[in-house]
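All remarks here apply to the structure that follows.
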Amino acid sequence: MPVEIPVLETQRLILRGPTPEAYPSFKSTFTSYRARFMGGPLNDYETWMLYAAEIGHWQIRGYGMWVIYDRDSGKTLGMAGGWKPAKWPEAELAWIIWPEVAGHGYALEATHAVRNYLYSNMGWTTAVSYIDPKNLDSIRLAERLGAEKDQGAATVDGHDIVYRHPTADQLAGSQLSHGIEMEIANYADPLFKPKGFALD
């Protein structure tokens, strides 16, 4: 039986399972320099195979990556979700934002919602993110989500850093969780102009 992929909604976003309609934006990103920290840029065949894996992952694992949509325009913005292909030591909390819409807090908003769902509805008790040490934007995002380097955790290939996310109990009612929600609210404010580094 096909897995029924839940729809998640936040203040600015709607997250849905991967569909053929979202593939052009996915392909544009993964064949570009933006994919350099995820094994790319990929060629057309590799990109097609990866997107097919995104769809199939839901059927095999029962969870996977959602496509992030702008609630108002319906435009795709990126992906976020759970990811555990073969040889991954642990289930990963992962994200990617299309380069033309980076810097507006979409990854923070989507990943916060996804993590809460995976903890509350999928029985996850922990989550990690495998990040290229040169991917400073993703490292900053992981740290803003409260994740910390786990030096003792197994890596995917020895060339990535493992960030361990707070557990559901650690997040519940915490100052960290409230801080994330306040930051998301600021990004949703049209007058909010973040200073410094562009943040996903």
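The values are calculated or read from the model by the stated rules, or taken from the named source; none is laboratory data. Here the structure is a predicted model, which means the values were calculated and not measured. The protein model used for the area step is the full one, side chains on, heavy atoms only, and it has no ligands, DNA or RNA in it. Shrake-Rupley method; radii C 1.70, N 1.55, O 1.52, S 1.80 Å.
When the chain is treated as a GNM with alpha-carbon contacts under 10 Å, the residue of 153, 107, 80 showing the greatest mean-square fluctuation is 153. When both segment 50-113 and segment 1-25 are represented by their alpha-carbon centers, they are found 9 Å apart. Among the listed pairs 87/134; 75/134; 84/134, a Cα-Cα separation exceeding 25 Å is found for 75/134. Quick one: compute the contact order of the chain, relative version, from alpha carbon pairs under 8 angstrom and 6+ residues apart, as a percent. Rounded, it is 18 percent for the chain.
Accessible surface for residue 36 stands near 100 Å², nearest 10, in the context of the full protein assembly shown (1.4 Å probe). When the surface is traced with a 1.4 Å probe over the full set of protein chains, residue 163 keeps roughly 0 Å² accessible.
Using a 1.4 Å probe on the protein chains only, how many percent of the accessible area of the chain belongs to carbon and sulfur? On the chain, the fraction of accessible area on carbon and sulfur atoms equals 55 percent. Note that segment 12-21 has calculated 3J(HN,Hα) couplings of 10, 10, 10, 10, 10, x, x, 10, x, 5 Hz, one per residue in order, obtained from phi through the Karplus relation 6.51 cos²θ - 1.76 cosθ + 1.60 (θ = phi - 60°); glycine and proline are x.
Here are a few candidate values for percent of Cα pairs over 25 Å apart: (i) 39; (ii) 32; (iii) 52. Which one was actually calculated from the structure I just gave you? Correct label, based on the coordinates given: (ii). When only Cα pairs below 8 angstrom with a gap of at least 6 residues are kept, segment 25-106 shows a relative contact order of 21 percent. For residue 27, go through the aspartates and glutamates and keep the ones whose alpha-carbon is under 15 Å away, minus same-chain ones fewer than eight residues off. Reachable aspartates and glutamates: 44, 46, 54, 100.
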